[in-house]
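Undergrad: Handing you this structure, nothing more for now.
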Amino acid sequence: MSNFLTLLKRGNKSALAAAIVNTIIAIIKFVAYVLTGNIAMFAEMMHTIGDAANQYFVYIGSALSKKAPTKRFPNGFGRLVNLVLLAAILVVAILAYETIREGILHILHAPGDKTSGLWIILTALGIGVVLEVGVFYKAMIEIAHETGLKSRGLTLVGQSFTNLSQAKPATRLVFMEDLVATLGGLIAIIAVLISHYTSFYQAEGIASILIGLMMFYVVYNVFIQNAAGALGEIDEVLTAKIGEILMRDPDVRDIEKLEVIKEGDHFHVEIEVEVDPGLTIAQADDIKDRLELQIRILKGITDVTISFDEDDKIQHYQPPTQP
């Protein structure tokens, strides 16, 4: 139990913060929905419950992925966070389906009268949007921390989108969910106002469908990213960087094999380089230690395997094109 609690302390902090905030928002929206029975509020409530559940999954999964390697799992538990996220999006998919279904029913059977409890609804949605924006910005800061960005304020907003693909899986999920949550809250507010001040009562049903579709977008996006991570995805940016380090070394003649596999938040590196066949074992060992030291200082590298082959005088390695 103590080991589990120790691991939890190493979980993704932005996911935990988002989960707590979304729990508070979900309670507020649940109370507002019970008091008003508003369909747009129902959609937002379901969305927020899905986000909160997802982010608790993410936090626990990111913590467990830090567990040290064992004899049975020598490469560690890095990919566990990808598997947890794949399970977590099932929750969102189910809630998205329910949200769309309720929206369609509302359009087909619109009540024909003005929205009741307008200020209760607007207050609940307004509080939700404000809190979601705060969590969304915190996710941007986490992206900056993980990708080495120094910017803040409005500059960070644009750069966080640009560098999103290089953030950790848990941070990407929190970012995507809170982006959709913020937009969903604004759509719900607009729909409630339209329904209240005009005779277009189907607006709330349309808003519910739009929110559900945005939830499905998160499901699709997270599935694609984490399916690749669970299978073992090569990191092309880090591969290019390590290739440069290897080719700069005076004793490395060529690179026969270079793989940088994502293991959750960490990277497993496997290398085979060509060297002078006349080197002694001691000299080769010195080269190995020197290369490993340079590679291990890169962020996220936890495992490096280096092997040697004799120089065949044929250039095999071609630097990859960085995205």
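The values are calculated or read from the model by the stated rules, or taken from the named source; none is laboratory data. All values reported here derive from a predicted model rather than from experimental measurement. For neighbour counting, all protein chains shown are included, and Cβ atoms are generated from backbone atoms with ideal geometry for every residue, glycine included. Remember, those area values only see protein heavy atoms, side chains included, never the ligands or the DNA or RNA. Shrake-Rupley method; radii C 1.70, N 1.55, O 1.52, S 1.80 Å.
Undergrad: Can you pull out the residues in segment 249-273 that are modelled with pLDDT under 85 and of a type in the set (K, R)?
TA: Matches in segment 249-273: K262 only.
Undergrad: Then there's this: Which residue pairs have Cβ atoms under 7 Å apart, sit 6 or more places apart or on different chains, and have a first residue in segment 208-235 that is more than 17 Å from G184 (Cα to Cα) and a second that is open to solvent by 70 Å² or more (accessible area, probe 1.4 Å) and in a helix (DSSP H, G or I)?
TA: A230/L83
Undergrad: Could you look through segment 116-125, keep only residues that are surrounded by 13 or more Cβ atoms within 10 Å (Cβ to Cβ) and part of a helix (DSSP H, G or I), and pick out the one that is modelled with the lowest pLDDT?
TA: Filtering first and then ranking leaves L118.
Undergrad: Would you mention how many residues in segment 157-174 are open to solvent by less than 30 Å² (accessible area, probe 1.4 Å) and either among the charged types (D, E, K, R) or within 19 Å of K299 (Cβ to Cβ) (or both)?
TA: 7
Undergrad: Still on this structure: Can you confirm whether E270 is touching an Asp or Glu at 6+ places or on another chain (Cβ under 7 Å), free of Cβ contacts under 8 Å to residues at least 60 places away in the same chain and not hydrophobic (A, V, I, L, M, F, W, C)?
TA: yes
Undergrad: Out of all the residues in segment 182-208, which are open to solvent by 40 Å² or more (accessible area, probe 1.4 Å) and within 11 Å of A43 (Cβ to Cβ)?
TA: Answer for segment 182-208, where residues must be open to solvent by 40 Å² or more (accessible area, probe 1.4 Å) and within 11 Å of A43 (Cβ to Cβ): I187, I206.
Undergrad: Identify the residue in segment 48-74 that is farther than 22 Å from L179 by Cβ and touching a Lys or Arg at 6+ places or on another chain (Cβ under 9 Å) and, among all such residues, is modelled with the highest pLDDT.
TA: Among them, the one singled out is A63.
Residue-by-condition table, conditions (1) aliphatic (A, V, I, L, M); (2) under 24 Å from I261 (Cβ atoms):
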| position | (1), (2) |
| --- | --- |
| V130 | yes, no |
| V135 | yes, no |
| G158 | no, no |
| A167 | yes, yes |
| A170 | yes, yes |
| L173 | yes, yes |
| L179 | yes, no |
| L183 | yes, no |
| I190 | yes, no |
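Undergrad: Show the residue pairs meeting these rules: Cβ distance below 6 Å; 6+ apart or different chains; first residue within segment 238-259 and open to solvent by less than 20 Å² (accessible area, probe 1.4 Å); second residue part of a helix (DSSP H, G or I).
TA: Once the first residue is open to solvent by less than 20 Å² (accessible area, probe 1.4 Å) and sits in segment 238-259, its partners that are part of a helix (DSSP H, G or I) give I242/I295; I245/Q294; V252/L246; I255/L246.
Undergrad: Can you tell me which residue within segment 137-176, out of those that are basic (K, R) and assigned to a helix (DSSP H, G or I), is modelled with the lowest pLDDT? Step through it out loud before you land on a result.
TA: Just the residues of segment 137-176 that are basic (K, R), to begin with: 138, 150, 152, 168, 172.
Within this subset, residues satisfying the condition of being assigned to a helix (DSSP H, G or I) are 138, 172.
Numbers: K138: 84, R172: 80.
Among those that are basic (K, R) and assigned to a helix (DSSP H, G or I), it is R172.
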